[in-house]
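The values are calculated or read from the model by the stated rules, or taken from the named source; none is laboratory data. Computed from a predicted structure; not experimentally measured. For neighbour counting, all protein chains shown are included, and Cβ atoms are generated from backbone atoms with ideal geometry for every residue, glycine included.
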Amino acid sequence: MSRTILGAPRKHPTKNAQCVKIGNVLYTSGVPFNWDTGEIVGKGSIQEQTKQTMENIKTTLEACGSSMENIDKCTVYTISIDYVSGLNEIYYSYFPPDSTPARACIIAGLAHPDLLLEIEVIAHVEE
């Protein structure tokens with residue numbers, strides 16, 4: 001099975017792959033960066049960071065031929081249990097109530113002190 005690196009255009013790319021496709025499965029992750037400026041969006045605001053992250057994931061999936069409706073599993077990393085309710089408020093607005101993906105939420109340290117969350121996604125492309 002072939003492995004392909006995909007992603008949406010952005011002015012400030014990182015060294016990490018935006019999306020990896022193996023067969024019809026997509027592996028992607030999202031952080032609250034503005035792809036035009038390279039800056040973290042919403043420093044100190046879990047709602048703003050969640051929204052930017054979900055928008056980045058949506059853009060990435062669409063660029064890879066998929067959509068939010070095709071997300072099968074999310075792993076959410078946040079730095080504090082105190083952020084989970086604000087995160088959930090935005091996160092669940094991206095999915096129909098009867099069609100949310102499987103999810104794990106992990107409290108962990110992240111790679112940059114201004115990051116409050118990261119979201120890892122496994123999705124599929126319709127065949």
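Under the condition of being at pLDDT 85 or above and touching a helix residue (DSSP H, G or I) at 6+ places or on another chain (Cβ under 6 Å), which residue from the stretch 5-29 is surrounded by the most Cβ atoms within 10 Å (Cβ to Cβ)? Of everything passing the filter in the stretch 5-29, Thr28 is surrounded by the most Cβ atoms within 10 Å (Cβ to Cβ).
Restricting attention to the stretch 47-81, the residues being buried (at least 21 other Cβ atoms within 10 Å of the Cβ), of a type outside the set (A, V, I, L, M, F, W, C) and either without any contact (Cβ under 8 Å) to a residue 12 or more places away in the chain or part of a strand (DSSP E or B) (or both) number 1. Glu55 meets the conditions (1) in contact with a strand residue (DSSP E or B) (Cβ under 6 Å, 6 or more places away or on another chain); (2) farther than 24 Å from Arg3 by Cβ; (3) not β-branched (Val, Ile, Thr) in every case but one. The failed one is (1). Within the stretch 84-127, the set of residues being in contact (Cβ under 8 Å) with a residue 60 or more places away in the chain, charged (D, E, K, R) and not in a loop (DSSP other than H, G, I, E, B) comprises Glu118, Glu120. Considering Gly44, Gly109, the condition of being at positive phi, modelled with pLDDT of 95 or more and of a type outside the set (Ser, Thr, Tyr) is satisfied by Gly44 alone.
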